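Trainee: One structure, pasted below without further comment.
The values are calculated or read from the model by the stated rules, or taken from the named source; none is laboratory data. Being a predicted model, the structure only gives us computed values, none of them experimental. As a convention, Cβ positions derive from the backbone with ideal geometry for all residues, glycine included, and neighbour counts pool all protein chains shown.
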Amino acid sequence: MTPSPVICWDVVNEAIDWNGKQGAFLKTSLPWYPKMHDYIDQAFIVAAKADPNVLLFYNDYCLSVNYDNGAKAQYIADMAATMKKKGIKIDGVGMQMHISTDKYPSRSHTSSIIKKFGAVGLQVHITELDVSCWECKNNNAAALKLQGQIFAD
């Protein structure tokens with residue numbers, strides 16, 4: 001078998017939803033849930049068999065923002081820990097960071113989320129990063145500086 005030129009796969013993408021009152025949960029809008037409750041486990045099992053030498057990631061958005069007091073990130077960390085206990089290969093989490101100059105996580109908060117995943121034995125990749133800035137369209141120097149600082153952090 002020829003080694004894969006791919007370093008890692010996002011095996012499952014954006015399967016977790018959340019609601020501030022109910023906490024995080026699997027999205028019911030996906031066609032295979034709730035019919036197949038273990039579809040995330042199954043996807044990782046099949047991916048590991050298909051390409052055993054590649055890193056396997058779960059990928060999602062809003063993991064570093066604090067809309068839900070970290071419920072979504074905790075749900076994913078717990079899910080990954082459970083998968084690992086079952087012997088299912090999961091190597092990391094991809095964090096999409098769609099943020100803005102109006103609402104963005106602090107560097108320390110983002111670091112705490114990354115550490116939460118690290119404590120479960122997961123790598124973390126920032127898979128998407130954008131910092132929207134309405135004031136930047138007018139070449140607002142202060143807004144552009146803030147946007148640059150957010151990217152740097």
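Trainee: For a quick check of your reading of the model, give me the residue pairs whose first member lies in region 90-115 and is more than 16 Å from LYS72 (Cα to Cα) and without any contact (Cβ under 8 Å) to a residue 40 or more places away in the chain, whose second is of a type in the set (Ser, Thr, Tyr) and surrounded by fewer than 20 Cβ atoms within 10 Å (Cβ to Cβ), with beta-carbon atoms closer than 6 Å and at least 6 apart or on different chains.
Mentor: Cβ pairs passing all conditions: SER100/SER132.
Trainee: If we scan region 131-153, do we find a residue that is in contact with a strand residue (DSSP E or B) (Cβ under 8 Å, 6 or more places away or on another chain), surrounded by 15 or more Cβ atoms within 10 Å (Cβ to Cβ) and farther than 23 Å from GLU14 by Cβ?
Mentor: yes
Trainee: Filter region 76-90 down to residues that are surrounded by fewer than 20 Cβ atoms within 10 Å (Cβ to Cβ) and in contact with a strand residue (DSSP E or B) (Cβ under 7 Å, 6 or more places away or on another chain), then give me how many there are.
Mentor: So the count comes out to 1.
Trainee: So, one more: Looking at VAL93, VAL65, which is the one that is buried (at least 16 other Cβ atoms within 10 Å of the Cβ) and within 18 Å of PHE151 (Cα to Cα)?
Mentor: After applying the criteria, what remains is VAL65.
Trainee: Being at pLDDT 90 or above, part of a helix (DSSP H, G or I) and crowded, with 19+ Cβ neighbours inside 10 Å, is that true of even one residue in region 6-21?
Mentor: No; the residues of region 6-21 include none that is at pLDDT 90 or above, part of a helix (DSSP H, G or I) and crowded, with 19+ Cβ neighbours inside 10 Å.
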